[in-house]
Amino acid sequence: MQIDRFEGRVAFITGGARGIGLGMARALAREGAKVAIADVDTDALAAAERELGAVTDVASVTLDVRDRAAFAAVADDVEKRLGPVTLLFNNAGVITSTSPGRMNYESWDWVIGVNLNGVYNGVQTFVPRMIERQSGGYVVNTASGAGLVALGSGFLYATSKFGVVGLSESLHVELSHHGIGVSVLCPGPVATDIVSNSRKLRPPSEDQSTRARQVMATAEASLAQGTPPDAVGTIVLDAMREGRLFIYTDASMAEPIRIRTELLLGAIPSTLST
């Protein structure tokens with residue numbers, strides 16, 4: 001499915017007050033879409049609402065994407081204020097690097113809760129409404145290059161993002177029957193503050209090892225040199241116009257994907273014994 005216009009549509013973006021989410025919101029606003037941004041950072045929300053409000057109709061809502069009841073409530077509020085949501089961007093995410101030697105349920109529940117369950121909660125909240133209205137729509141789920149190949153971003157983060165890729169691939173096929181497009185954004189390094197923001201939100205029980213802290217410091221430095229979030233917003237809208245399933249922000253995953261694909265194909269038996 002493809003999107004031929006954005007003007008007049010209503011978009012809902014989680015993690016929309018900063019980083020990639022704000023980059024997508026800016027791109028949508030420039031195209032004439034009405035924008036609802038959801039985030040846990042109230043100060044960032046206020047600043048983003050002031051900025052976007054000078055361009056288009058905007059609504060900002062405080063939302064923890066793990067909270068299903070709150071998701072439904074803000075959806076009702078946004079649609080009452082702006083109109084039916086036909087563009088959904090499940091973008092909120094956190095990152096951490098807990099070593100297997102220090103794994104715990106609280107860290108698992110946090111990362112999976114935000115990165116994977118948060119995406120599903122967005123789908124569960126808005127997609128049935130799109131189907132019932134029979135007017136089509138589009139869903140973009142933010143995964144990561146780490147959702148295609150595990151490259152040292154931490155097993156919790158990789159697991160959550162692999163889940164988002166699988167969910168998106170499946171929905172891409174199944175929602176096409178309802179005239180709803182689905183893409184999965186698998187960015188390489190993007191100049192966001194996800195590491196520092198996640199550090200503020202992580203569970204108190206998360207006791208990172210020295211190596212894990214070093215991994216996160218390296219990731220933070222790499223991200224600072226990455227693609228600007230505003231450029232990612234433009235990339236996403238262009239991909240929606242073409243109806244592409246996978247959206248990349250650069251070519252950094254090309255070689256890791258090739259190597260993983262060769263490993264997968266090489267493991268297939270040439271003959272199956274009975």
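None of the figures in this text is laboratory data; all of them are computed from the coordinates on show. Source: prediction; values computed, not measured. Reconstructed Cβ throughout: ideal geometry from the backbone, glycine too, with neighbour counts over all protein chains shown.
Take peptides 67-77, 177-187 and line them up by average Cβ neighbours within 10 Å, highest first, as a rough protection proxy.
177-187, 67-77
How much length, in nm to one decimal, is gained on full extension between Asp230 and Thr261, taken as 0.36 nm per residue of separation minus their Cα-Cα distance?
Separation in residues times 0.36 nm, less the Cα-Cα distance, equals 8.1 nm.
Among 86-94, 40-48, 156-164, how do they line up by average Cβ neighbours within 10 Å per residue, starting with the highest?
Order by mean packing, descending: 86-94, 156-164, 40-48.
Please report, to one decimal in angstroms, the Kirkwood hydrodynamic radius of the chain built from all distinct Cα-Cα pairs.
19.0
Work through the residues other than Gly147 whose Cβ is under 11 Å from its Cβ and net out their charges, Lys, Arg +1 and Asp, Glu -1.
Summing Lys/Arg as +1 and Asp/Glu as -1 gives 0.
Using helices alone, what [θ] at 222 nm do you get for the chain, with -39,500 (n - 2.57) per DSSP H run of 4 or more residues, divided over all residues and rounded to the nearest 500?
Taking each H run of at least 4 residues, the total per residue is -15500 deg cm²/dmol.
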